[in-house]
Amino acid sequence: MSETHDLRINRIKHGTVLDHIVAGRAFNVLSALDINGTDGNQVSVAMNVSSKQHKKKDIIKIENRILAVEETNRLALIAPHSTINIIENYEIIEKRNVELPKKFTGVFKCTNPTCISNSNEPIISELLIINQDPPSLKCKYCTRISLTEEIL
Ligand SMILES: [Zn+2]
């Protein structure tokens, strides 16, 4: 790792590094993961970093939190080609990709404003993946079908 890279974003001892995030999407990713910094753990965000593969990318480093597969799969629409690195004692102990899950529960809102999941009722949104590429999602409650661009 070069010195300039070190200055830009610190290495972490224990936690999760999300790499190759679509440039400019880091905050969407943090939001989908419910990370807002209030738990006191260090979160480093680097946006529009130069990368050979994808030209520009975003990187997020989350200290002291190991993201579960269920959590990182929430990024399938926002940052589908991200690489997830689980870090233990400064070493990568697990590397995984994002996979489109069968459904999203409580991650995205239904695009139908009159849907019961958008009302004041204590109902958690549930969007089922009905098509992989391009991804489209169907609301469990009102059956409205939404495309990725509408949901993000
Ligand atoms: Zn709905």
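Observations
- Residues located in the range 81-96, provided they are open to solvent by 20 Å² or more (accessible area, probe 1.4 Å) and either touching a His at 6+ places or on another chain (Cβ under 8 Å) or closer than 18 Å to Asn28 by Cβ (or both): His81, Thr83, Glu88, Asn89
- Residue match in the range 2-21 (condition: polar (S, T, N, Q) and at pLDDT 95 or above): yes
- Residues in the range 81-109 that are touching a residue at least 24 places away in the same chain (Cβ under 8 Å), in a loop (DSSP other than H, G, I, E, B), over 15 Å from Ser146 (Cβ atoms) and out of contact with any Lys or Arg (no Cβ under 7 Å at 6 or more places or on another chain): His81, Ser82, Val98, Glu99, Pro101, Lys102.
- Residues of the range 123-142 that are within 15 Å of the ligand (Cβ to nearest atom), open to solvent by 80 Å² or more (accessible area, probe 1.4 Å) and in a loop (DSSP other than H, G, I, E, B): Ile124, Lys140, Tyr141.
- Lone unmet requirement of (1) within 16 Å of the ligand (Cβ to nearest atom); (2) at pLDDT below 95; (3) farther than 15 Å from Leu30 by Cα for Asn118: (2)
- Pairs with Cβ under 6 Å, 6+ apart, first in the range 55-77 and over 17 Å from Ile129 (Cβ atoms), second acidic (Asp, Glu): Ile59/Asp19
- Tabulated pairs, the range 110-121, first part of a loop (DSSP other than H, G, I, E, B) and of a type in the set (A, V, I, L, M, F, W, C), second open to solvent by 60 Å² or more (accessible area, probe 1.4 Å) and near the ligand (Cβ under 8 Å from one of its atoms), C-beta under 9 angstrom, 6+ apart or interchain: Cys110/Ile116; Cys110/Lys140; Cys110/Tyr141; Cys110/Arg144; Cys115/Tyr141; Cys115/Arg144
- Any chance Asp34 is on the phi > 0 side of the Ramachandran plot and assigned to a loop (DSSP other than H, G, I, E, B): yes
- Within the range 102-114, the presence of at least one residue that is within 16 Å of the ligand (Cβ to nearest atom), over 19 Å from the mean Cα position of the chain (by Cα), more than 26 Å from Lys13 (Cα to Cα) and open to solvent by less than 50 Å² (accessible area, probe 1.4 Å) is confirmed.
- For the range 56-80, residues that are farther than 13 Å from Lys13 by Cβ and surrounded by 15 or more Cβ atoms within 10 Å (Cβ to Cβ) total 15.
- Test result for Ser50, among the polar types (S, T, N, Q), under 10 Å from the mean Cα position of the chain (by Cα) and not assigned by TED's automatic domain parsing to the domain that holds Cys139: no
The values are calculated or read from the model by the stated rules, or taken from the named source; none is laboratory data. These numbers come from a predicted model, not from an experiment. So basically every Cβ, Gly included, is an ideal-geometry build from the backbone, and we count neighbours across all protein chains shown. Each accessible area value is taken on the protein alone, full model and side chains, heavy atoms only, with ligands, DNA and RNA left out. Shrake-Rupley method; radii C 1.70, N 1.55, O 1.52, S 1.80 Å.
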